[in-house]
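Read through the structure below, which is laid out as structure tokens, and then see the notes.
The values are calculated or read from the model by the stated rules, or taken from the named source; none is laboratory data. None of these values were measured; they are calculated from a predicted model. Methodologically, a virtual Cβ is constructed for each residue, glycine included, from the backbone with ideal geometry; neighbour enumeration extends over all protein chains shown.
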Amino acid sequence: MAKNEYDVLIIGTGLAGLFAALNVDPNLKVCLLSKTAVKSTNSMLAQGGIACEYNDDKSLHQKHVDDTMRAESYINDEKAVRFLVENAFETVKKLIELGVRFDIDKHGEFLFTREGGHSTKRILHSGGDATGSNVIEDLNTVVRTRNNIKIHENTMALDLIKVNNKVIGATVLENEDKHYPIFAKKTIIATGGIGSVYGSTTNDLNATGDGIGMAYRAGALIKNMEFVQFHPTALYSEYVTSRQRFLITEAVRGEGAYLLNIEKERFMKKYDPERMELAPRDIVSQAIYREMYDTWTDHVYLDTTHMDPKYLEKRFPTVFEYCKKQGYILGLDLIPVAPAEHFLCGGIQTDLSGRTNIDNLYVAGESAYTGVHGANRLASNSLLECLVFGYYSAKDINETISETEYIHDFHIKELPNYNYNYKPIRKKIGDYMDEHVSIVRNEQGLSLTKNVLDDIEKNLVKYPNLTKYYYETLNMAQTAKLITCSALERKESIGCHLRIN
Ligand SMILES: Cc1cc2nc3c(=O)[nH]c(=O)nc-3n(C[C@H](O)[C@H](O)[C@H](O)COP(=O)(O)OP(=O)(O)OC[C@H]3O[C@@H](n4cnc5c(N)ncnc54)[C@H](O)[C@@H]3O)c2cc1C
């Protein structure tokens with residue numbers, strides 16, 4: 001096999017990419033691409049945990065299905081949800097066999113917590129609130145022992161290479177200067193979320209919607225882009241300049257924290273008296289938006305002052321330490337919080353094996369629309385989705401690769417290379433998305449944003465430039481446009497898509 005030829009190309013080293021790579025037949029040659037450092041992923045940031053009924057009790061599985069359907073306004077695909085829930089136990093077991101450790105009690109039994117929208121305690125966690133980083137550290141250790149897997153860091157996939165409706169690899173830019181094709185019989189997009197399209201997000205700044213942009217340019221089907229979840233409790237500070245906001249996991253509310261408005265009133269009783277602070281995220285974020293609007297402010301408070309600071313420090317070491325550095329002690333101080341973009345529920349359409357409408361192209365993780373998420377996403381279902389669909393993509397590849405040929409019928413195009421930084425364009429995209437395509441939307445704002453994004457996209461396409469920033473900005477513009485157009489088309493309010501006219 002030549003230098004840049006692989007059996008499988010996996011774009012992304014988050015949980016979906018790593019788990020898929022580890023489940024590809026070890027006799028196949030795998031290339032794993034990471035746009036920057038291998039651990040700069042949303043998966044590393046996950047705090048709460050992985051939803052999983054860790055037993056064979058069918059009635060508990062049914063409850064997990066019911067909670068997921070209800071939280072997502074019943075417009076998700078029940079078949080996909082059932083597939084996710086029924087494969088949770090076996091898939092998480094595989095993760096544990098690879099050496100991942102979850103928190104246990106003194107009898108060696110798993111500790112489970114509860115999060116918004118879940119009717120039982122079914123969230124497995126690791127290191128208290130360090131689930132993502134523990135899982136990713138462990139999987140990276142295993143990946144590095146596998147001789148069939150080659151990791152390319154600081155290598156950005158620019159475009160898929162497509163010949164006769166078959167994807168045969170991708171063009172890449174390594175360290176900002178080497179531009180070359182990587183050929184593969186099968187390609188998996190595992191590029192994660194889209195947070196950087198907004199002005200404030202809990203996501204890693206790598207999340208510029210690259211997988212969505214690439215797939216869109218290649219003609220893949222993309223669905224439900226209007227459903228963008230805002231997490232209710234990102235730490236608020238008026239001095240932060242980065243788009244990225246620190247997340248305070250929902251599990252803090254799961255353990256008993258309240259939400260107060262600026263007048264110190266516990267307001268969730270007005271919006272969801274039964275589930276209160278543990279209502280699904282769309283309901284809580286919309287309630288916070290309303291309270292901020294009514295009280296002329298841009299944040300509310302997370303109240304843990306009725307809880308034991310020592311317990312909070314032990315249960316949530318990451319959150320405790322970060323808040324302390326910002327001057328807030330959990331258990332003693334009110335913590336200012338505001339909603340921020342968190343998760344894309346829609347994405348590139350796949351079947352239950354991760355296959356798309358383009359031959360040999362698979363998608364797993366947050367960039368996929370598998371049918372599991374509907375108008376919202378139930379907390380802690382997304383890491384599970386990375387595992388289940390990462391595994392099934394790999395399984396399908398193992399079973400079908402022998403029928404797939406290499407195709408090299410492609411010559412790379414020379415492109416100009418200018419040192420533009422695209423900062424004003426990125427800011428403009430974020431400003432319009434925050435103003436008109438976030439928690440509350442209306443026809444006029446959406447149309448205005450669509451026109452602005454059309455112009456940005458046209459100009460970017462007209463003047464291609466061989467830099468990481470150019471491609472990221474193009475992906476951001478196209479992803480933002482897909483979200484805006486879908487939001488314009490859906491006139492009703494449902495889940496995290498709230499239309500006021
Ligand atoms: C702060 C935070 C907390 C969360 N907590 C939870 C939780 O407790 N439970 C839960 O279930 N979910 C949680 N989520 C959601 C969950 O973490 C993500 O949905 C999930 O990790 C996505 O995994 P992924 O593998 O799809 O993508 P990621 O983990 O984001 O990985 C994306 C990868 O793609 C690479 N990439 C992107 N573009 C390119 C390109 N063009 N070329 C090459 N590489 C590229 C990146 O470098 C990266 O390696 C949380 C999310 C955040 C942001």
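Which residues, counting only those in region 3-14, are in contact (Cβ under 8 Å) with a residue 24 or more places away in the chain and more than 6 Å from the ligand (Cβ to nearest atom)? Within region 3-14, Asn4, Glu5, Tyr6, Asp7, Val8, Leu9, Ile10 meet the criteria. Got a number for residues in region 195-205 being buried (at least 24 other Cβ atoms within 10 Å of the Cβ), more than 10 Å from the ligand (Cβ to nearest atom) and in a loop (DSSP other than H, G, I, E, B)? Qualifying residue count, region 195-205: 1.
Screening Arg114 against (1) under 25 Å from Val228 (Cβ atoms); (2) of a type outside the set (A, V, I, L, M); (3) surrounded by fewer than 18 Cβ atoms within 10 Å (Cβ to Cβ) leaves a single unmet condition, (3). For region 66-87, indicate whether the set of residues that are in contact with a Cys (Cβ under 9 Å, 6 or more places away or on another chain) and within 13 Å of the ligand (Cβ to nearest atom) is non-empty. The answer is no, given that none of the residues of region 66-87 is in contact with a Cys (Cβ under 9 Å, 6 or more places away or on another chain) and within 13 Å of the ligand (Cβ to nearest atom). Against the criterion of being without any contact (Cβ under 8 Å) to a residue 60 or more places away in the chain, over 30 Å from Asp67 (Cβ atoms), among the aromatic types (Phe, Trp, Tyr) and part of a loop (DSSP other than H, G, I, E, B), Tyr420 qualifies. Do we find that Val92 is within 14 Å of the ligand (Cβ to nearest atom), over 30 Å from Lys3 (Cβ atoms) and surrounded by 18 or more Cβ atoms within 10 Å (Cβ to Cβ) in this structure? Yes. Tally the residues that are more than 16 Å from the ligand (Cβ to nearest atom) and of a type in the set (A, V, I, L, M), restricting the search to region 327-356. Looking only at that region, the number is 5. Residues that are part of a helix (DSSP H, G or I) and over 30 Å from Thr68 (Cβ atoms) do occur in region 476-494.
Once region 357-411 is narrowed to residues that are within 30 Å of Ser285 (Cβ to Cβ) and of a type in the set (D, E, K, R), the residue that is nearest to the ligand (Cβ to nearest atom) is Glu366. Mind listing just one residue for me: the one in region 213-254 that is basic (Lys, Arg) and not in a loop (DSSP other than H, G, I, E, B) and, of those, farthest from Tyr198 (Cα to Cα)? Among them, the one singled out is Arg253.
Return yes or no: is Leu84 crowded, with 20+ Cβ neighbours inside 10 Å, under 19 Å from the mean Cα position of the chain (by Cα), more than 20 Å from Thr249 (Cβ to Cβ) and not polar (S, T, N, Q)? When the stated conditions are applied, Leu84 passes them.
Within region 109-129, no residue satisfies the criterion of being out of contact with any strand residue (DSSP E or B) (no Cβ under 7 Å at 6 or more places or on another chain) and part of a strand (DSSP E or B). For region 132-145, indicate whether the set of residues that are among the polar types (S, T, N, Q), surrounded by 20 or more Cβ atoms within 10 Å (Cβ to Cβ) and in contact (Cβ under 8 Å) with a residue 60 or more places away in the chain is non-empty. Among the residues of region 132-145, not one is among the polar types (S, T, N, Q), surrounded by 20 or more Cβ atoms within 10 Å (Cβ to Cβ) and in contact (Cβ under 8 Å) with a residue 60 or more places away in the chain, which makes the answer no.
In the set (1) crowded, with 16+ Cβ neighbours inside 10 Å; (2) under 19 Å from Val319 (Cα atoms); (3) of a type in the set (Ser, Thr, Tyr), the condition left unmet by Tyr271 is number (2). Pairs meeting the criteria (first residue in region 470-483 and under 16 Å from Glu176 (Cβ atoms), second residue part of a helix (DSSP H, G or I) and basic (Lys, Arg), beta carbons under 8 Å, at least 6 apart or on different chains) are Thr473/Arg426. Among the residues of region 163-210, those identified as of a type outside the set (A, V, I, L, M), in contact with a strand residue (DSSP E or B) (Cβ under 7 Å, 6 or more places away or on another chain) and more than 29 Å from Gln244 (Cβ to Cβ) are Asn165, Lys166, Gly169, Tyr180, Pro181, Phe183, Lys185, Lys186.
Looking across region 238-254 at every residue that is surrounded by fewer than 17 Cβ atoms within 10 Å (Cβ to Cβ) and either within 16 Å of the ligand (Cβ to nearest atom) or under 12 Å from Glu115 (Cβ atoms) (or both), the one that is modelled with the lowest pLDDT is identified as Val240. Of the residues contained in region 477-499, none is found to be more than 23 Å from the chain's Cα centre (by Cα) and under 29 Å from Tyr418 (Cα atoms). If the condition is being in a loop (DSSP other than H, G, I, E, B) and either within 9 Å of the ligand (Cβ to nearest atom) or touching a Cys at 6+ places or on another chain (Cβ under 6 Å) (or both), then region 15-61 contributes Ser34, Lys35, Thr36, Ala37, Val38, Lys39, Ser40, Thr41, Ala46, Gln47, Gly48, Gly49.
When we screen Thr249, Thr297, Thr241 for residues that are over 25 Å from Ser40 (Cβ atoms) and of a type in the set (Val, Ile, Thr), the only hit is Thr297.
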